[in-house]
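Below: the structure, in structure tokens.
Read-outs throughout are calculated quantities, based only on the coordinates presented, and are distinct from any laboratory measurement. Keep in mind that what you see is a predicted model, and the values were worked out from it rather than measured. Because the Cβ atoms are built from the backbone with ideal geometry, glycine has one as well, and the counts that use them run over all protein chains shown.
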């Protein structure tokens, strides 16, 4: 199939909410740099059909940093990590609410409350519930998404009752590759937690991490698994290779490959909130504005353990590219997703791009915001 036919087919399917074939998704990842703008334009047509030119802003609050017992190879908070990150125990509800206020003031309509660890205890759920109440007391309209790890029975229901709107738990990579990046839990545990959150009435947020040495087939496999789970939000993270972690040397992405990955995700998940998440500054770099034609959601400011682009620069980038910040009170998802309508690993691992030195200078460990005496970046 030639490129024009491929892209026309993908646009037609995206406008009908019909999935591409796996071969078509793989073909997107295999397109050349000469074809990149055509790919972005086609996926942008699908993005604008479902989300217009709106960009939803999200803001992370790291409730508990570091000292995680899990061994996920990509994570700076993992068991045995030597990354020089901030480490602190649970923030008080008033501290977390103060941190959230900075993001909301910058235009964020969703606050993501994240805590390191395998999963929450019942006492931890109580803590998070108190934090949700403190945040919503300041701003009743703000969406709150919890990200606390693997859930035990009844915990999703308790979070929903406390006012949580969503729950995040990423699949991260394909089932076939999962054992290579984590041994302390498996892929099925992650799938079960997403389903548990959905069963409790929480909006599911689940995505992936690109750049861990996976093949194109791995990327397509995890995105199709995400489509089968049908989350409302799909964050696309790009590995930040922290020194002191097992994946510190995995510099496998170029800005053009990152764009192709986002385009593939948009074609497979046309009507969901696709979020340009961690690592965009490191890997997309000056092509971030182009990614807004693919993703309709971004994180504002800093991430959990690394610094992001300044919030003011994010807002300027959105405006300069001709997009608009999605206002509070506006429903992000299309009507059919909000109740108005019923709703083989044969490839080699991706090599480091030839001729491109890793931009290690762009990885900045977070030293400000929640858990510090310095103001957050929002």
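When only alpha carbons are used to place a centre, the stretch 258-290 and the stretch 160-205 end up 21 Å from one another.
When the Cα atoms of the stretch 70-201 are enclosed in a convex hull and the volume is divided per residue, what value in Å³ results? Write out the running numbers ahead of the final one.
Numbers: hull volume 15.6 nm³, N = 132.
With only Cα atoms used, the stretch 70-201 gives 118 Å³ per residue.
Full extension of the segment from residue 321 to residue 230, taken as 0.36 nm per residue of separation minus the current Cα-Cα distance, would add 29.8 nm.
Neighbour counting of Cβ atoms within 10 Å sorts the residues 74, 59, fewest neighbours leading, into 74, 59.
Could the peptides 126-132, 230-236 be put in order, highest first, of the mean number of other beta-carbon atoms found within 10 Å of their residues?
The densest-packed peptide leads the list: 230-236, 126-132.
Work out, step by step, the length gained on full extension between residue 15 and residue 161: first 0.36 nm times the residue separation, then minus their alpha carbon distance; give nm to one decimal. My answer for the length gained is 49.0 nm. Placing dummy labels 7 Å off each Cα toward the beta-carbon, the span from residue 186 to residue 53 is 4.9 nm. Taking the average, over residues, of other Cβ atoms within 10 Å as the packing measure, peptides 209-221, 144-156, 188-200 rank 209-221, 144-156, 188-200 from highest down.
The value for the chain of Rg(Cα) / (2.2 N^0.38 Å) is 0.92. Averaging Cα coordinates gives a centre for the stretch 1-39 and one for the stretch 206-257; these two points are 20 Å apart.
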